[in-house]
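The values are calculated or read from the model by the stated rules, or taken from the named source; none is laboratory data. Because the structure is predicted, anything quoted here is derived from the model rather than measured. Here the Cβ positions follow ideal geometry from the backbone for every residue, glycine too, while neighbour counts run over all protein chains shown.
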Amino acid sequence: MRLVFALLLLAGSLRAQTLQAQTYFEHLKESALSVGFSTLSGLGDGSADALKHHYGQTGLPQSGRGNQFWNPAISWRNKYANWPMDQSAAFPGSKTALVFLTDGWHLCKFIRNKSAAAAVVTYRRPKQRLWFVYDFLVHSAAFSVGWHLGDKILKL
């Protein structure tokens, strides 16, 4: 509800300043890649949350090889050579830098983190100070949309 109110406030403010509205929307077009990365970051986070908290409701495999990768109750063991007898890494980097290759939850978190970093790197600095507030709202909304998409897609 707060997000809807903030977006309505944003729209009203932009409508009142027609010259700035055109300029801000030009800025927004230049920032589309950054906003897209924010959405992808939300998608990764929503998917990770769906896996962790609602795996049984997802359309992912509930048994077999796919289950071994996606099911967070058992997939965490994939990083180890032979849990619990051998707790060494299953392959070089499986417990550190390459952990995202071992299970679905870490893959989703990797997508979230790298997409958030890409959103920052591709962000275009606005010409007006007030636009930082607008950009914050737009990126927050994009992340939320992505989160809900990730959550809903896995539950189809």
**Fill in**
Within the stretch 22-66, residues hydroxyl-bearing (S, T, Y), in a loop (DSSP other than H, G, I, E, B) and either in contact with a Pro (Cβ under 9 Å, 6 or more places away or on another chain) or in contact (Cβ under 8 Å) with a residue 40 or more places away in the chain (or both) come out as S31, T58
**Request:** For S115, state whether it is at pLDDT 95 or above and surrounded by fewer than 17 Cβ atoms within 10 Å (Cβ to Cβ).
**Result:** no
**Prompt:** Pairs under 7 Å by beta carbon, first residue within 17 Å of A117 (Cβ to Cβ) and of a type in the set (F, W, Y) in the stretch 133-148, partner modelled with pLDDT under 95 and not in a helix (DSSP H, G or I), six or more apart or different chains?
**Reply:** none
**Request:** Go through (1) loosely packed, with under 15 Cβ neighbours inside 10 Å; (2) at pLDDT 90 or above and name the single condition A11 misses.
**Result:** (2)
**Request:** With the checklist (1) over 24 Å from H53 (Cα atoms); (2) touching a Phe, Trp or Tyr at 6+ places or on another chain (Cβ under 6 Å); (3) of a type in the set (S, T, Y) in hand, flag the one item Y123 doesn't pass.
**Result:** (2)
**Answer from F136, F143, F110 - the residue that is aromatic (F, W, Y), crowded, with 18+ Cβ neighbours inside 10 Å and closer than 18 Å to D45 by Cβ** = F143
**Message:** Could you check the stretch 67-97 and list, in sequence order, the residues that are free of Cβ contacts under 8 Å to residues at least 12 places away in the same chain and either in contact with a strand residue (DSSP E or B) (Cβ under 6 Å, 6 or more places away or on another chain) or closer than 14 Å to L154 by Cα (or both)?
**Reply:** N67, A81, Q87, S88
